[in-house]
Amino acid sequence: MAKLRHCCTVLLLLFTSVSAHSDFFTSIGHMTDLLFVERDLVSSLKDYVRAEEDKLQRIKRWADRLDALSTAGSQDPEGFLGHPVNAFKLIKRLNTEWAELESLVLTDVSDAFVSNLTIQRQHFPNDDDQTGAAKALMRLQDTYKLDTETISSGRLTGSSSVATTSSVLTVEDCYDLGKVAYSDVDYYHTELWMAQALKQLEQGEESSVVDAIAILDYLSYSVYQQGELERALAFTKKLLELDPSHQRANGNLKYFEYQLSKQKKLEVDDNDEERRMWKENRGRRDDYLPERKQYEKLCRGEGVRMTPRRQSRLFCRYYDNGRHPRFVIGPLKQEDEWDSPHIVRYHDIVSDRDMEKVKELAKPRLRRATVHDPQTGTLTTAHYRVSKSAWLGAYEHPVVDKINRRIEDITGLDVGTAEDLQVANYGVGGQYEPHFDFGRKDEPDAFEELGTGNRIATWLLYMSDVQAGGATVFTDIGAAVQPKKGSAVFWFNLYPSGEGDYRTRHAACPVLLGNKWVSNKWMHERGQEFRRRCDLHWTD
């Protein structure tokens with residue numbers, strides 16, 4: 001009964017843990033903990049295996065000894081039992097020793113492992129996390145124009161040879177990615193990943209879970225949904241060669257042949273505008289951003305409008321902010337990233353030690369990042385912002401207060417009315433699509449609850465280097481700023497007149513390889529009256 005209660009408790013914990021959290025994949029900071037959890041579980045699993053092997057060895061010794069005794073006795077049963085010692089030992093074995101053996105066989109050595117697994121299971125990712133991670137891979141695939149072979153082999157830009165040997169996708173992995181796309185009615189990616197799974201299977205990779213029949217079933221339907229009847233028919237015929245009795249494939253064969261003959265009679269133009277647009281957008285949702293192409297090009301390093309003339313206007317300098325007492329002896333290293341709007345970078349602003357402390361403070365609080373909803377005026381999660389963030393007040397730790405004071409000294413703006421320091425961690429495919437930091441005219445209630453006016457400026461501190469991807473891009477002006485640990489980028493969101501500068505529309509590109517930590521400080525209008533004077537005529 002006790003064992004039954006234990007099993008019920010285990011099952012209850014396993015089922016309730018499914019909804020214990022969400023969006024694990026959005027934070028590398030959290031996923032590093034999962035690596036250590038898994039390492040602990042592997043160690044526990046090995047202990048369990050050793051215990052089972054020890055138990056089996058003991059049972060084997062029992063079996064060998066009893067086999068020898070029973071063999072000796074069965075050759076001359078009466079003579080054997082005629083010896084009083086043999087008779088006594090037989091009775092003893094059957095009365096006592098077999099009971100001991102039964103107890104040994106029934107001993108469950110898995111309790112420690114199951115208990116550890118139950119405790120750790122509450123921290124595991126769930127189905128939503130796995131689906132999110134799959135979609136993140138496909139997002140990276142689109143943004144950086146990666147083919148399935150590159151992703152499957154693990155040969156991403158900037159990856160080491162060590163990572164490549166272990167970072168490969170199996171047939172089952174590719175198949176699962178295709179199924180996620182299929183469930184999302186994304187037939188474009190369904191085709192790509194099912195084709196990759198089939199390719200790896202045909203190249204000799206073995207799989208005990210997935211076969212060519214299942215893959216071809218998805219392939220034929222996904223290409224049919226994209227209007228490619230001839231290819232759908234070819235995949236169906238290939239499936240039927242492997243399984244002539246496949247009921248759905250036989251039905252599809254007749255249907256596809258009928259539709260193809262009908263199409264040829266009507267002489268349907270395969271390059272009609274609707275299909276051309278569909279292929280161009282690669283089956284994206286209806287909320288596809290018109291500027292996504294520009295955004296993704298900038299993320300790939302294409303389309304950056306850095307002309308020789310503009311480059312000639314950008315300089316590096318030592319900066320003391322008008323002989324500020326803190327910088328007279330030790331001026332800052334300031335670099336122009338863009339001329340108009342003026343975007344500057346400050347190098348070596350925060351020490352590694354302080355950045356690690358900020359991460360340490362933020363990590364336990366990291367939650368799915370939110371955005372301001374102009375319709376409701378509240379903060380909400382959105383599919384176009386994939387990261388985890390936490391807010392740190394100056395009063396919480398001297399390091400946070402120190403960073404706030406440094407921002408004020410460098411920018412000359414009052415941080416007393418600024419928002420708390422926001423710390424964000426971008427995980428697998430982490431991104432933030434094009435947006436404005438300031439509230440527009442169609443958002444009259446933006447930041448009203450703060451009572452400090454609009455966001456006048458943005459301070460963005462990079463707290464990690466990123467191996468590939470993760471740039472901050474400005475889609476309107478065609479600028480791209482690369483992450484560099486310990487450096488901060490600063491720009492004004494509003495003109496001195498208080499009007500929003502729409503050229504500051506920017507985005508965080510998906511992280512292709514690595515771990516991206518940033519912290520943001522948004523300064524507001526109130527308190528800046530004598531620090532950045534209003535100018536109704538000046539606009540840049």
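Here are the numbers:
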item: Protection proxy ranking of 405-417, 58-70, 425-437 - average other beta-carbon atoms within 10 Å, highest first; result: 425-437, 405-417, 58-70
item: Kirkwood Rh and Cα Rg combined as Rg/Rh, region 478-521; result: 1.02
item: Residue-normalised accessible area of region 80-128, given per residue in Å² at a 1.4 Å probe; result: 69
item: Convex hull of region 29-98 built on C-alpha atoms - directionally averaged projected area, nm²; result: 6.2
item: Alpha-carbon centroid distance for the pair region 204-234 / region 500-533, whole angstrom; result: 46
item: Pair-distance profile P(r), taking every C-alpha pair of the chain, with 20 angstrom steps and integer %; result: 16, 39, 27, 13, 5, 1, 0
item: Among the listed pairs 357/484; 297/521; 60/92; 333/484; 388/521, those beyond 25 Å (Cα-Cα); result: 297/521
item: Apportionment of accessible area to carbon and sulfur, the chain, percent (1.4 Å); result: 54
item: Under 30 Å, Cα to Cα: Lys pairs in region 114-270, sequence gap 8 or more or different chains; result: 25
item: Ordering of 519-529, 350-360 by burial proxy (mean other Cβ atoms within 10 Å per residue, highest first); result: 519-529, 350-360
item: C-alpha long axis of helix 352-362 to longest principal axis of the chain, angle in °; result: 70
item: The chain, helix-only ellipticity at 222 nm - DSSP H runs n ≥ 4, -39,500 (n - 2.57), divided by all residues, nearest 500; result: -14500 deg cm²/dmol
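The values are calculated or read from the model by the stated rules, or taken from the named source; none is laboratory data. None of the values given here were measured: they were computed from a predicted structure. No Cβ is skipped: glycine too gets one built from the backbone with ideal geometry, and neighbour counts run over all protein chains shown. Keep in mind that these areas ignore ligands, DNA and RNA; they rest on the heavy atoms of the full protein, side chains included. Shrake-Rupley method; radii C 1.70, N 1.55, O 1.52, S 1.80 Å.
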